[in-house]
Amino acid sequence: MSDKMEFRAEVHKMLDIVINSLYSEKQIFLRELISNASDACDKLKYMALTNQALMKGVGRLEIKIVPDAEKRTLKIEDNGIGMNRDDLIDHLGTIAKSGTADFVRNVKDNGSSMDLIGQFGVGFYSAFMVAEKVEILTRKAGEDKAWKWVSNGVDGFEISEAEKAGNGTEITLFLKEEEKQYTDTIYLRQIIRLYSDHISYPIIMNLGKNGEETVNTGSALWTRNKAEITTEQYKEFYHHVSKNFDEPWMTLHFKAEGNLEYTGLVFVPSTQPYDLFQPDRKNGLKLYVNRVFISDKVEELLPNYLRFVKGIIDSADLPLNISREMLQQNPLVAKIRNGTVSRILKELKKRAENYDDYMIFWNAFGTAFKEGIYEDFSNREEIASLSRFASTKGGDKLVSLDDYIGRMPAGQKAIYYITGDDVKVLENNPQLEAFKSKGLEVLLLVDPIDEFWTQVLTKYKDKEIKHISQADEDFVPDRKDAPKVKDEDLKKLTDRMAAVLNGDVAKVTVTEKLTTSPVSLTVENGQMSLHLERLMRNHQQQTAFASLKVLEVNPYHPLIIRLSELAAAEKDDVRVTEMTKILYDQALIAEGEAITNPSFFAEKLGEYMLKAL
């Protein structure tokens, strides 16, 4: 005889949410049921501490998976604590009431502590995503009666007395026609290894005529003492968790203790993945709760500039939402994130002492890592200290900001930089001439992110960080006795050049900072650099972000002196016009910009070269 009962709560609404909306991937149901089975084993093991009789005849605690393709069923068995009639009604007849949560609460009320996975009471109902009917056969440890629970997940459930040898629970899923792939042992093995590989109890799959197989490793590497783990074991785990074929450049294994406890085992690869800069790339860390895989999509666990880091975080203290697929916005998440980031940065600082070794990391991930200077306010200066840059004095080696400061001559108060697309092009930029003549070092920044972090990190260790266009006049070359264009002629020349270049530049000015070049190109103060404008233009934003160009002329250069004479005499107007356009094109080329009329430039350059010969 069986009792027909209605679900408690708004059944149709709740089950519809659980079955059709709560989980993004159907295969999650197997993780949920295996997690429940693991909890049942944990409960029995805990209760047996004070009542050894509960373990009589139990043997090894384990979880079994029994697929049957002919019957289109999938069975999940455990020999854990089991349930009686009241448990079935309370915990499976009341949506979202969790037996695990009640159990943990009772344990804590008795002054004990225990960490269990399923504390929201809806995971079981995920079975109805793939099953048209679910049967449960269960017997509670220490009791003689067994019970059978049956439901189609729509109109209630039935409970009846049954027979079962030994305690534990068997859940049989009668799979929907379109879900018969869940009887495929190869597919099941993949799901179990993905989500439940580190469950501490053996997960044994029945292979029919081929016997049985223990599917999971059952040993969470990160829970073991570091002294017991070999380098090869770390490498194997890195390959498992990252799916990469390279060797880890850095391995960091740590355990945080105190009010919030969590374990981390993270790796920095030695090579850059192809999708490092793809916007839809997943965060590299996997989240586990008590060795059960929860998600690899928890963006809050690691900042974006460390997206190349692979590994796991395992904590029983994290509050999860009822689907277990997303973390709640909770201060605990921020604490884990901050603690993990701090440990990674600390380890990078150690590794940075070996230049050649650190360059393996920097060449692979430096561009992404520098994003942290812009994004991570609390760690901004530390990230900057770990960053490396090309410079006019670095030669073939990249330099740190501390290296730069250590080489600064007396009187220099700022760290100077210039941005562009290519180091070789920047090295020959006319705007560097004054700095070279004074022996001042300039950072050569060529990554797009350099345009942004330099706007937020304006000081480093009390030294201002300035674009070379903002350099003090004290750094101009000393040329008191050098020939120079007369002031009255300069005005005529700059006015004439501005008229020729009307529409191309906002104005033509005189600069004292050039030594060997006749002209250079810059922008009005406060506007974005030519490099940043070029980046914006490449993203079809040229109209909204156009900067006003300024052509600077060197009054000491022989070419400018001769040109000023022609402009002052108001003769040979065609030559002044042509030379102005050629000089402007030269300035564009020096800045890495495309010239507007390549044919004119090539033709006139050839003519003047021929005349020179």
Query raised in the report: Among T458, P555, S242, whose Cα lies farthest out toward the positive end of the dipole of the chain, if unit charges sit on the beta carbon of Lys, Arg (+1) and Asp, Glu (-1)?
Result: S242
Requested in this report: Sort the following peptides by mean Cβ neighbour count (other Cβ atoms within 10 Å, averaged over residues), highest first: 457-464, 428-435.
Outcome: 428-435, 457-464
Query raised in the report: In segment 330-389, carbon and sulfur make up what percent of the accessible area (probe 1.4 Å)?
Result: 46
Report summary line: 1/(1 + (r/R0)^6) with r = Cβ-Cβ of D184 and A53, R0 = 45 Å, i.e. FRET efficiency to nearest 0.05, evaluates to 0.65
Report summary line: Relative contact order as a percentage, the chain, C-alpha pairs under 8 Å and 6+ apart, gives 8
Query raised in the report: Taking the Cα centre of the chain as the origin, how large is its charge dipole in debye, to the nearest 20, when only Lys and Arg (+1) and Asp and Glu (-1) carry charge on their Cβ atoms?
Result: 760
Query - Residue-by-residue Karplus 3J(HN,Hα) for segment 452-461, coefficients 6.51, -1.76, 1.60, Hz, glycine and proline x - result: 9, 5, 5, 7, 9, 9, 8, 9, 9, 6
Query raised in the report: Taking only Cα atoms, what is the 0 to 90° angle, nearest 10, from helix 355-369's long axis to the longest principal axis of the chain?
Result: 80
Report summary line: For Rg and Dmax of the Cα atoms in Å the list reads [x] 35.3, 118; [y] 25.8, 89; [z] 33.0, 106; the calculated value is entry [x]
Report summary line: Karplus ³J(HN,Hα) for segment 490-498 (6.51 cos²θ - 1.76 cosθ + 1.60, θ = phi - 60°; Hz, whole; x = Gly/Pro) runs 4, 4, 5, 5, 5, 5, 5, 5, 4
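Give me the 1.4 Å probe accessible area per residue for the chain, excluding ligands and nucleic acids, in Å². Walk me through the numbers on the way to the answer.
On the way: 29550 Å² over 613 residues.
Computed with neighbouring chains in place, this is 48 Å² per residue.
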Report task. At 1.4 Å probe size, with no ligands or nucleic acids counted, give the accessible surface of D422 in Å², nearest ten. Result -> 70
Query raised in the report: Whose amide H sits under 5 Å from the amide H of Y416, counting only residues 5 or more places off or on another chain, with H placed in the peptide plane?
Result: L443, K466
Report summary line: When the charge dipole of the chain is computed with +1 at the Cβ of Lys and Arg and -1 at the Cβ of Asp and Glu, the Cα pointing farthest to the positive end, of A567, G57, I405, is that of G57
Requested in this report: Go through segment 264-277 residue by residue and turn each phi into a ³J(HN,Hα) via Karplus (6.51, -1.76, 1.60, θ = phi - 60°); whole Hz please, and just put x for glycine and proline.
Outcome: x, 9, 10, 9, 9, x, 9, 10, 7, x, 5, 9, 4, 10
Report task. With a 1.4 Å probe and every protein chain left in place, tell me how much accessible area D357 has, in Å² to the nearest 10. Result -> 40
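Can you check what the Kirkwood hydrodynamic radius comes to for segment 327-368, Cα pairs only, in Å to one decimal? Can you show the working numbers first?
Details: mean 1/r = 0.0839 Å⁻¹.
Hydrodynamic radius (Kirkwood, Cα pairs) of segment 327-368 is 11.9 Å.
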Query - For A131, distant residues with modelled amide H under 5 Å away - result: K176
Report task. Place a +1 charge on the Cβ of each Lys and Arg in segment 198-294 and a -1 charge on the Cβ of each Asp and Glu, then give the dipole magnitude about the Cα centre in debye, rounded to the nearest 20. Result -> 160
**Report entry** Burial ranking of peptide ranges 410-419, 72-81 (average Cβ count within 10 Å, highest at the top)
**Finding:** 72-81, 410-419
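With an 8 Å cut-off on Cα pairs and a minimum separation of 6 or more residues, tell me the relative contact order of segment 122-211 in percent. Numbers along the way, then the final one.
Values: 113 pairs, mean separation 22.7, N = 90.
Once divided by the residue count of segment 122-211, the mean separation gives 25 percent.
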Query raised in the report: Roughly what angle does helix 573-590 make with the longest principal axis of the chain, taking Cα atoms, 0 to 90 degrees, to the nearest 10?
Result: 30
Report summary line: The long-range amide H neighbours of V510, using H built 1.01 Å from N in the peptide plane and a cut-off of under 5 Å, are V553
Query raised in the report: To the nearest 500 deg cm²/dmol, what mean residue ellipticity at 222 nm is calculated for the chain from DSSP H runs of n ≥ 4 alone, each contributing -39,500 (n - 2.57), summed and divided by the residues?
Result: -10000 deg cm²/dmol
Report summary line: Expressed in angstrom and rounded, the centroid-to-centroid distance over alpha carbons for segment 261-308 and segment 375-453 is 31
Query raised in the report: By how many degrees, 0 to 90 and rounded to 10, does the Cα axis of helix 331-351 deviate from the longest principal axis of the chain?
Result: 60
Query - Probe 1.4 Å - accessible area at T509, Å² to nearest ten - result: 40
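The values are calculated or read from the model by the stated rules, or taken from the named source; none is laboratory data. Fair warning: this is a prediction, and the values are worked out from it, not measured in the lab. Quick reminder, even Gly has a Cβ in these numbers, built from the backbone with ideal geometry, and neighbours come from all protein chains shown. We work out accessible area using only protein heavy atoms, side chains counted, and drop any ligands, DNA or RNA first. Shrake-Rupley method; radii C 1.70, N 1.55, O 1.52, S 1.80 Å.
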